[in-house]
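Colleague: This is the structure I want to talk about, given as structure tokens.
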Amino acid sequence: MLETLNRELSWLSFNERVLQEAKDTKVPLVERIRFLGIYSNNMDEFFRVRVANLRRMVLVDNNEIEGYRGTSAELFEEIRQVVLDQQRDFERTYRKILLDFAKHGIFHITEKDVTPEQEAELLQYYQDKLRHAIVPLILDKKHPFPRLRDSGIYLGVKMKYPNDYKTRYAIVQIPTKISRFYLFDQGDKKQVILLDDILRLNLGNIFSIFKHIDIEAYTFKFTRDAELDIDDDLSVSFVEKIAKSVKNRKKGAPVRFVYDKDMPTDLLLFLLEGLNIKLGINTIPGGKYHNFKDFRKFPDFKQSSFTFPPLPPLPHPELEGQQSIFKRILDKDILLHFPYQRFSHIVDLLREAAIDPKVSSIKINVYRVSSDSQIMNALMNAVLNGKEVIVVFELQARFDEENNLYWSNRLRENGATVLFGFPEMKIHSKLLQITRVRDKKNQVVSYIGTGNFHEGTAKVYGDVALLTADPTICREVSKVFTIVEQASPPSPSKNPFRKLVVSPFNTRKMILKLIQNEINFAQAGKPALIQIKINNLVDLKLIKKLYQASKAGVKIQLIVRGICCLIPGIPKKSDNIEVISIVDRFLEHARFFRFENGGDPKYFLSSADWMPRNLDRRIEVTTPVEDKEIQEELDTIFQYQWKGNVKVRLIEGEMLNKYRAREGKAEFRAQLELYRFYERKAQAKLL
């Protein structure tokens, strides 16, 4: 029996949990279809990153893979089979959702269903909005196949001519800046048609110069390898290399081709030849529509029952109404929990710092920010007010490289000091530090979080952040920024940290030590418990240490959202380990840990998952949490989620994603109960 699960198969199991939400009839209808969009977007990234990496392994050595009985080529084929099974489940789910919409008088129609009046309306829409937004590409063997982007979807077009003497092929990209959904509102009856079908309806207009007798179009999409190829040219700056690599990513090798299974064979083979893809392992037959990631913006038809009831972020009782957030943090440590509490408190803190005459500097490290970031605007305001602003950008934040390049240029143009990470080591920590000078003495507050400084994701990602003025923590946060200012990546052998736990210096060592301490306590007959909330658990050394702890009698409770390579319940190895996963309306993203420590518990929150890259090849920051009130809050978060019996799946070796049995207990949906918990806290403060 294998002792660990393969990470790629475990990830696919996680995405199946997302698909389960789309299948759940208790989830509001529009939210179900949006979960299909999330599933589709996840799958795109999986192929662009993980499958692309596996493909390179197959080409290089085809060795055996950790957590899998077989070679990388055999795993590649198994992944394809799992994806095909999930694709069929996806299509069934979509059809069922459409049937449920029909019960509410909402119908998805195709180009074959429109009435003459609707056809005339769509023709006018095509003329007004679409005609100049599309670029038809004629294909023939005399000209090079056009370079297509894998971010969109395409219609492969086949035109037949009289007497079958000739067939012509073409491509039309479906516009990405126009809503994919067109609504017909007829009172009690509503109809939605996709942009794909509006273009199909107008194929004759698009290709009007050709005298074809028949024309048809079939959707396809493909996925390229998303790995950045950063060359060793010393005459080119790191920023220029990233910009060039992002551009070259659009030329990466295709790793997946998804197409309408009804596409004619001749058209399919012509497209595959042009894209240099072989029919087989990289090709996935599917339904008529692709790029379901667009369905994350599926219209709600102004029916509140179709979406989740609103849960607006709540004010933090210690920060709301404060004249100075900075001074409040000087008084006591504060924990913020998004999306339950307002991310705007952080924006307000930066705005306050921007105009406070006594604030001398602001330092922040950025992994991902929104395209219209209030955080970035507040920093530019601070620069204009004469503050020293140092912004560390991680230019290798996958798929956000262009956005980070944009903001780094904007900030630099406005006078901020902009620094970048190291080519060999990503900066994944989430840090903010503000220094204020009063009576010639520095007052420093620091923010250490688990999530990005991103207003958009803060509305749906469950993250925690510590705001503190602890002198030792603030000094060591400052050391992290100093390390980033160095010309070369840090040497892990020289650890300057005593309180913070920082990768690549001491994270692995500290976690192993904390687990060993619990083993020692268990062997001495003292309380021994490990509670971990994390996104991904992959690192083999830590998994083996947890197995060792389980064998020693340490009780281990794990809440793992995504990949979990550890297998609980193996006799005499992981009997004392339980693992659950929660997939619900908010994306579980927080990372924090509790070690019983013989009755004197230790608490930590972290930017790092337990994966080799996060422990050894990135700059990540884990902070101890010593405030008793915040420790109690972390206990509450964990206990609520561990108690949950709705949206909770059991992680087991078979990867069946079974829901946790209620066993006669009342429903306890952890995310809703946590919202009510914070609601009570906010109301108590007002009283």
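Read the figures in this text as sums done on the coordinates, not as results from a lab. Here the structure is a predicted model, which is why all the values come from computation and not from measurement. Using ideal geometry, Cβ is built from the backbone for each residue, glycine included, and neighbour counts are taken over all protein chains shown.
Colleague: Can you give the calculated 222 nm mean residue ellipticity of the chain, where each DSSP H run of n ≥ 4 adds -39,500 (n - 2.57) and the sum is split over every residue, rounded to the nearest 500 deg cm²/dmol?
Modeller: Only helices count here, giving -11000 deg cm²/dmol.
Colleague: Could you line up Lys459, Lys440, Lys658 from fewest to most neighbouring Cβ atoms inside 10 Å?
Modeller: Lys440, Lys658, Lys459
Colleague: Right, next: Would you mind checking which residues have amide H under 5 Å from Gly456's amide H? H placed 1.01 Å from N; only 5 or more apart, or other chain.
Modeller: Correct list: Ser370.
Colleague: To continue, here is another question. Which whole-angstrom value gives the distance between the alpha carbon centres of the stretch 85-124 and the stretch 355-425?
Modeller: 44
Colleague: Enumerate the aspartates and glutamates that Lys545 could reach by cross-link, defined here as Cα to Cα under 18 Å, with residues fewer than 8 away along the same chain left out.
Modeller: Result set, ordered by chain and number: Glu3, Glu66, Glu518, Asp575, Glu578, Glu596, Asp609, Asp616.
Colleague: If the label point is 7 Å along Cα→Cβ of Thr417, which residues in the stretch 463-501 have backbone nitrogen under 19 Å from it?
Modeller: 474-490
Colleague: Using the 10 angstrom Cβ neighbour count as an exposure proxy, how do Phe270, Phe308, Phe47 rank, fewest first?
Modeller: Lowest to highest Cβ neighbour count: Phe308, Phe270, Phe47.
Colleague: Taking 0.36 nm per intervening residue step and subtracting the Cα-Cα distance, what contour gain separates Asp600 from Phe308 on full extension?
Modeller: Full extension of this stretch gives 101.1 nm more.
Colleague: Between Asp140 and Glu320, what length in nm is gained on full extension when 0.36 nm per residue of separation is reduced by their alpha carbon distance?
Modeller: Length gained, Asp140 through Glu320: 58.4 nm.
Colleague: Run the quick spin-label model on Lys441 and Glu402: label points 7 Å from Cα toward the beta carbon, then report their separation in nm to one decimal.
Modeller: Each label point lies 7 Å from its Cα, and together they span 5.1 nm.
Colleague: Peptides 557-566, 202-211, 372-381: what's the order by average Cβ count within 10 Å, highest mean first?
Modeller: Top to bottom by mean Cβ count within 10 Å: 557-566, 372-381, 202-211.
Colleague: Which three lengths, in whole Å and largest first, does the chain cover when its Cα atoms are put on their principal axes?
Modeller: 87, 63, 59
Colleague: Oh, and also: Can you order the peptides 507-520, 623-636 by their average number of other Cβ atoms within 10 Å per residue, highest first?
Modeller: For the peptides 507-520, 623-636, the packing ranking is 507-520, 623-636.
Colleague: Turning to a different aspect of this structure: By how many degrees, 0 to 90 and rounded to 10, does the Cα axis of helix 265-275 deviate from the longest principal axis of the chain?
Modeller: On a 0 to 90 degree scale, this one is about 50.
Colleague: Using a 7 Å offset from the Cα along the Cα-to-Cβ direction at both Glu424 and Asp262, what is the distance between the two label points in nm, to one decimal?
Modeller: 5.6
Colleague: Taking 45 Å as R0, compute the FRET efficiency from the Cβ-Cβ separation of Asp185 and Phe668 and round it to 0.05.
Modeller: 0.70
Colleague: In addition: Could you give the distance between the Cα centres of the stretch 436-514 and the stretch 591-632, to the whole Å?
Modeller: Each part's Cα centre sits 12 Å from the other's.
Colleague: Kindly flag which residue pairs out of Lys189/Lys297; Lys459/Lys658; Lys499/Lys685; Lys332/Lys440; Lys129/Lys166 have an alpha-carbon separation exceeding 26 Å in this structure.
Modeller: Too far apart for the 26 Å limit: Lys459/Lys658; Lys499/Lys685; Lys129/Lys166.
Colleague: What is the angle, in °, between the Cα long axis of helix 116-125 and the longest principal axis of the Cα atoms in the chain? Nearest 10 is fine, range 0 to 90.
Modeller: Taking Cα atoms only, the helix is inclined about 60 degrees.
Colleague: Would you kindly derive the ³J(HN,Hα) couplings of the stretch 80-85 from the backbone phi angles with the Karplus curve 6.51 cos²θ - 1.76 cosθ + 1.60 (θ = phi - 60°), listing them in order in whole Hz, with x for Gly and Pro?
Modeller: Along the stretch 80-85, the couplings run 4, 5, 4, 5, 4, 4 Hz.
Colleague: Name the shape class, rounded, prolate or oblate, that the alpha-carbon gyration tensor gives for the stretch 7-306, where a ≥ b ≥ c are the square roots of its eigenvalues, rounded holds for a/c under 1.5, and otherwise prolate holds if a/b is larger than b/c and oblate otherwise.
Modeller: Oblate shape, in that a/c is at least 1.5 and b/c is the bigger or equal ratio.
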